[in-house]
Amino acid sequence: MGSPFQCCNAILQGNWVPELGRRSWLPLYASSSDGQSVALVQWDVRENLPGFRIVFVDEVRREVRQSERILGCCTSLKWYEESVYWESFHDSGELSNGSIPVPSFGN
């Protein structure tokens, strides 16, 4: 695959800003309807195979959670009710999509 097709820095602002460490981000995010949580997309490239994780930040509970690794290059992210929907493409040109439930923070 070579290098990721897009990378950016993530800068969060608010009453609480978590320490996310050094990560490589895609320029995609989705917010909950109340604006208290955000989903970010982190690169997770292994053995030259593109993949990503969705990182959830909850400002109210001051927690960070992340999804399992998802294969492909994420191109779209949308938050709808209790799920985050993603679209991606693979180095073969194949398109895919899916959703993951928003984690239950505080549990």
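The values are calculated or read from the model by the stated rules, or taken from the named source; none is laboratory data. If you're wondering where the values come from, they're calculated on a predicted model, not measured in any experiment. Cβ atoms come from the backbone with ideal geometry, glycine included; neighbour counts cover every protein chain shown.
Condition check: closer than 17 Å to residue 33 by Cβ and in contact with a strand residue (DSSP E or B) (Cβ under 7 Å, 6 or more places away or on another chain). Does residue 84 satisfy that? Can you show your working first?
Numbers: closer than 17 Å to residue 33 by Cβ: yes; in contact with a strand residue (DSSP E or B) (Cβ under 7 Å, 6 or more places away or on another chain): yes.
In short, yes.
Within the stretch 51-92, which residues are aliphatic (A, V, I, L, M), surrounded by fewer than 18 Cβ atoms within 10 Å (Cβ to Cβ) and farther than 19 Å from residue 31 by Cα?
71
For (1) modelled with pLDDT of 90 or more; (2) on the phi < 0 side of the Ramachandran plot, each residue gets a yes or a no:
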{"site": "23", "(1), (2)": "no, yes"}
{"site": "27", "(1), (2)": "yes, yes"}
{"site": "30", "(1), (2)": "yes, yes"}
{"site": "35", "(1), (2)": "no, no"}
{"site": "42", "(1), (2)": "yes, yes"}
{"site": "63", "(1), (2)": "yes, yes"}
{"site": "66", "(1), (2)": "yes, yes"}
